[in-house]
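Enquirer: Can you keep this structure in mind? I'll have questions shortly.
Nothing in this text is a laboratory measurement; each read-out follows from the coordinates by a stated rule. Nothing here was measured: the structure is a model prediction, and the numbers come from that model. Quick reminder, even Gly has a Cβ in these numbers, built from the backbone with ideal geometry, and neighbours come from all protein chains shown.
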Amino acid sequence: MRCAKERILVRPDVGRTSEGSPRRERNGRHINRCRHASGKLRNVPQSLIARERDQLHRQLVEDGALALREGVVTTADRASRASKRVSELLAASLCARVGLAGLSAHRKDVDAGKTFALLVRNFISNTLEGIVSSSKPWQVMEGGSIGRFAQYAHLDEIEHLSEQYPELRIYLGGDYLVGPDICVSRGPIPDSAFGDAVIESGEQLARSTFLRSGNNKLPVVHASVSCKWTLRSDRAQNARTEALNLIRNRKGRTPAICLVTAEPLPTRLASLADGTGDVDRVYHFALYELQDAVAKAVAENPNFAPQQVALDRMTKGLRLADISDLPFDLLI
């Protein structure tokens, strides 16, 4: 499969260009060609979110996560014609938009899942850092044990006890210590940061909140982000189990529970996006391009129509969103 060689970056709303023309790279700067109210086209610098989104897509291709394995895109399920075709169309759209010639051959030394999680973490970190209204000192880090955080510190104590007394595992099980791919957290803050005379350290009030540094020294986890390169049934179930453990084993409020994926098949996305909301929302790494790819695939083969129906249901129901929505949702 080859992608367009011309270095023209199509707007994220692919196929909906009535408001402007494609943007081009000039001297390393990202430029949008947008139509002013006067009707004239003018150059507009690319936004932080658009720039970081483009960088995520570009790095996935350049680092070899999004590649061709024996002629099939690495996100595709070889057993599904719909998955293979949607993956091809989606990859072609991404390559053309970020100015890459095409996908390279898959390399055995590339772990697509780990690369995906690393790049998503960079995207979250860079966008949160750049949003002015994001006044909180967010820390975006690789997962590890959830017991590092204030709401779950008691789980480390349980783990130590179960190592001392192995029979405890019979009653407790061993799946209570969740290791998310990405954690967004913040540290506790001194009383002075809340404002003058809001709370005084000598008062016997607000002694349990994790946010006061006088009560707690551990970081407070604000969000858990699970990254799944694709969603086969076992991975979807694993993500659901992680979410339920975060909910059941917490002290205090539940962190935001998010999942980011590159799964191309809407009916597989529905395994998590539909239902009772085990995760707050599912985010696709390229939802706008996926919508166009699915529409094109259905136009070629009407048998793929159930994919369009599932995708429309999830997006209109606000259960599936683009990764560009994630930084803003994390501020809530």
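Enquirer: Enumerate the amide H contacts of Ala256 below 5 Å, restricted to partners 5 or more residues apart or on another chain; note that Pro and chain-start residues carry no placed amide H.
Expert: Counting only residues 5 or more places away or on other chains, the set is Ala223, Ser224.
Enquirer: Give the Kirkwood hydrodynamic radius (Å, one decimal) of the stretch 255-297, defined as one over the mean of 1/r across all pairs of different Cα atoms.
Expert: On the way: mean 1/r = 0.0902 Å⁻¹.
About 11.1 Å, per the Kirkwood formula over Cα pairs.
Enquirer: Determine, for Cys95, Cys227, the number of other Cβ atoms within 10 Å of each Cβ, and report the residues in order from fewest to most.
Expert: Details: Cys95 22, Cys227 25.
With the sparsest Cβ surroundings first, the list reads Cys95, Cys227.
Enquirer: Can you list the residues, at least 5 places off or on another chain, whose amide H is less than 5 Å from the amide H of Arg69, using H built in the peptide plane?
Expert: For Arg69, the qualifying residues are Thr74, His106.
Enquirer: A further question follows. Determine the shape class of the stretch 233-312: with a ≥ b ≥ c the square roots of the Cα gyration tensor eigenvalues, call it rounded for a/c under 1.5, and otherwise prolate if a/b is greater than b/c, oblate otherwise. Walk me through the intermediate numbers first.
Expert: Working: a/c = 3.28, a/b = 2.59, b/c = 1.27.
Because a/c hits 1.5 or more and a/b exceeds b/c, the stretch 233-312 counts as prolate.
Enquirer: If Lys and Arg each add +1 and Asp and Glu each add -1, what is the summed charge of the other residues whose beta carbon sits under 13 Å from the beta carbon of Glu62?
Expert: Numbers: positive: Arg58, Arg107; negative: Asp54, Asp63.
Charge balance in the 13 Å sphere: 0.
Enquirer: Just the number, please: Stokes-Einstein D of the stretch 94-162 in µm²/s, Kirkwood Rh from C-alpha pairs, 25 °C, 0.890 mPa s.
Expert: On the way: Rh = 15.9 Å.
For the chosen part, D equals 154 µm²/s.
Enquirer: Express the relative contact order of the stretch 220-316 as a whole percentage, based on alpha carbon pairs under 8 Å and six or more residues apart in sequence. Please list the in-between numbers first.
Expert: Values: 110 pairs, mean separation 27.4, N = 97.
Reported as a whole number, the value is 28 percent.
Enquirer: Please tell me which of these pairs span more than 26 angstrom C-alpha to C-alpha: Lys84/Lys228; Lys114/Lys217; Lys217/Lys251; Lys251/Lys316? Walk me through the numbers on the way to the answer.
Expert: Working: Lys84/Lys228 18 Å; Lys114/Lys217 30 Å; Lys217/Lys251 15 Å; Lys251/Lys316 33 Å.
Listed pairs above 26 Å: Lys114/Lys217; Lys251/Lys316.
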